[in-house]
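Comments concern the structure below.
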Amino acid sequence: MSDGTFTIIDELQSICERFSISSLNRQIEAARDLAAESRFIDIAILGQFKAGKTSFINSLIGKSVLPVGVIPVTTVITRITRVQYGEQQRATVTFLDGSKIEIRIDEVGEYISEARNPANCKNVAVVDLELPVLEHYHGLRFVDTPGLGSVFKYNTATSEDWLPRVGAAIVAISSDRPLSESDLSLLRELMVYTPDIVLLLTKVDLLQPDQQAEVVRFFKETVQRELGVEFPIYLYSTRSDMERYRTELDRGLLEPLAKNHDTELQKITSHKINSLIRSCIEYLEVALKASQQAEHEREAIKKLIFDERVNYDLIRSELFLIAREQMIRTRDHITAHLHAKHSRRLTREIMEELREAMRGWRGNLWKFTRQYEQWIAQTMSAKLQEVSQTEHQHFFDTLHKARAGIARSITLFKNLLDRNIEQVLGIQLSDVQWDISIEEPAHPDITFAQSFDFHLDLLWFLIPMFLFRRAFERHFLNRIPWAVEVNLSRLAYQWEVVVNKAIEETKNKALRYVESELTTIDALLSQSQGQTEKIGSTIERLKQIKGKHGNEQCCMMSDEY
């Protein structure tokens, strides 16, 4: 990347620091990182959980290198899997402390799946795969990300900072569900960070040709109506016509990016810089308007902008109530679902399986008891693990409601703040996207009580099993309903803890966003006295940079082609 690009980024950072525009810090760092990266264009595969993102990358590779499962397996953005061309097949794990190790390709799942690396206990930051089979995509790096509806987020700072670093984006949307508000929000935010966005309609083998055409038409009309743009839409399936679908995507997106790597990387960087310049100018125009007023008028302006509806304490109380209301309901919701759907079924199944298992058990009471404890531990753990995996999406009702309520509150806050600024100063601010990722818990542990209220099995030498075996069998069978109820309640409690932790983090993240916006606007209004000329000249300077930067990119692309 040219020195001029870094000079622009440095100047933007200096301006933001000078005028306390903290809201743009993330984007500045992302633009700097991309400008420093000359080897790869990162192509992020984004979308909701089970949209087929990992399967898509595996199809590009030609074999199942990345784990795919019925539960979230690609864990958190802090555990990115980056796949790129390399002369030799290699997998490198980078840990959070900066250390690295090389592993076999078939060991990748040990580091990136929740099942084998729960709660990121191995402290993995990034897994990089280099594969000769991807020579066709030289200069591109595919980034496998978690489903947006199932992000196991253990490193908040890293995950929040990641999205602005996107080079190009493939947004995967499963054909078996409609375009959601979350998809539209993601697309709206991506437009700030990259000019290269495509929609990948996956699992199209589930649709007939006429249905495919209908879904594509619906997507195009919805995106055009909601966002005012039209993104390319590609069909994809890993079960039928995969080569045809991949060829179309190659020709439309991947081959142009690889063939014109340097130009495309410069274009992406320029897009980020232009978005930054536009946002910076808008903030400075707020400061300029305030600087043109007398001090008492500026105080009046601040009161009009920061009215009671955009008061931080009021918003904090509102978000606290939203979060608290849902957190109170979490345990009851999960418990009711688990007990209503699984209590009787599990009790019946486990009792039937126990009867069958006990037929083969031999030995005295002590041995009989140990066989029971081992069997019940393994069986109950497997049963509840299955329940946890198949039912976990039903546990997040309060999390989704909290997220929706907090999102509505923040959207209202931003709309009110922007409306006040426009009414008082006549300035329209662009939408500044904020993101709340849903944090889902790792699968809980199961515990068991002892087999007897006191250690009767220690007196095994006094108890003839040929006389009392049936009694002990009935005793163990009678404990099953209790064991099921206790462990279902424990399961509910463990999910309650982590779901409520996610709600709390969602609330705190929203408050950080509000605080950042209010701090930026307050600083622009408060520190502008006597700086009219300086602010005006800074705005003109940014406009010149934007115009010159745009012309340079046009010339570069003309020379390239």
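Over all alpha-carbon pairs in region 473-522, figure out the percentage whose distance exceeds 12 Å.
Distances greater than 12 Å cover 73 percent of the Cα pairs.
Quick one: go through region 175-204 and flag any residue whose amide nitrogen is under 20 Å from the point 7 Å out along the Cα-to-Cβ line of Glu214.
Label zone hits: 175-180, 201-204.
When ranked by the protection proxy of mean other Cβ atoms within 10 Å per residue, highest first, what sequence do the peptides 17-25, 371-379 form?
17-25, 371-379
Could you check how many percent of all C-alpha pairs in region 181-300 are farther apart than 21 Å?
So the pairs more than 21 Å apart make up 58 percent of the total in region 181-300.
Modelling each spin label as a point 7 Å along the Cα-to-Cβ direction, I'd like the Ala523/His339 distance in nm, to one decimal.
5.2
Could you point to the residue in Ile350, Thr335, Thr390 farthest towards the positive end of region 335-391's charge dipole, with +1 and -1 charges on the Cβ of Lys/Arg and Asp/Glu respectively?
Farthest towards the positive pole: Ile350.
Counting other C-beta atoms within 10 Å, which of Cys121, Cys16, Cys280 has the fewest, and how do the rest follow?
With the sparsest Cβ surroundings first, the list reads Cys121, Cys16, Cys280.
Once label points are set 7 Å from the Cα along Cα→Cβ at both Arg490 and Gln224, what is their separation, rounded to one decimal in nm?
Once both label points are built, they end up 5.8 nm from each other.
Kindly provide the GluC sites (Glu not before Pro) of region 220-264 that DSSP labels as loop, not H, G, I, E or B, and whose Cβ sees at most 12 other Cβ atoms within 10 Å.
Of the GluC sites (Glu not before Pro), the ones in loops of region 220-264 whose Cβ has at most 12 other Cβ atoms within 10 Å are Glu230.
Provide the gained length on full extension for the span Trp361 to Leu184, in nm with one decimal, where the gain is 0.36 nm per separating residue minus the Cα-Cα distance.
Gain in length upon complete extension: 57.9 nm.
Where the Cα atoms of region 280-354 are projected onto their three principal axes, how long is each span, largest first, in whole Å?
83, 25, 12
Output the peptides 84-96, 170-182 sorted from most to least packed, where packing is the average of other Cβ atoms within 10 Å over each peptide's residues.
Per-residue mean Cβ counts within 10 Å order the peptides as 170-182, 84-96.
A short reminder: the numbers here are calculations on the coordinates, not readings from a lab. Being a predicted model, the structure only gives us computed values, none of them experimental. Every residue, glycine as well, gets a Cβ built from its backbone with ideal geometry; the counts of neighbours run over all protein chains shown.
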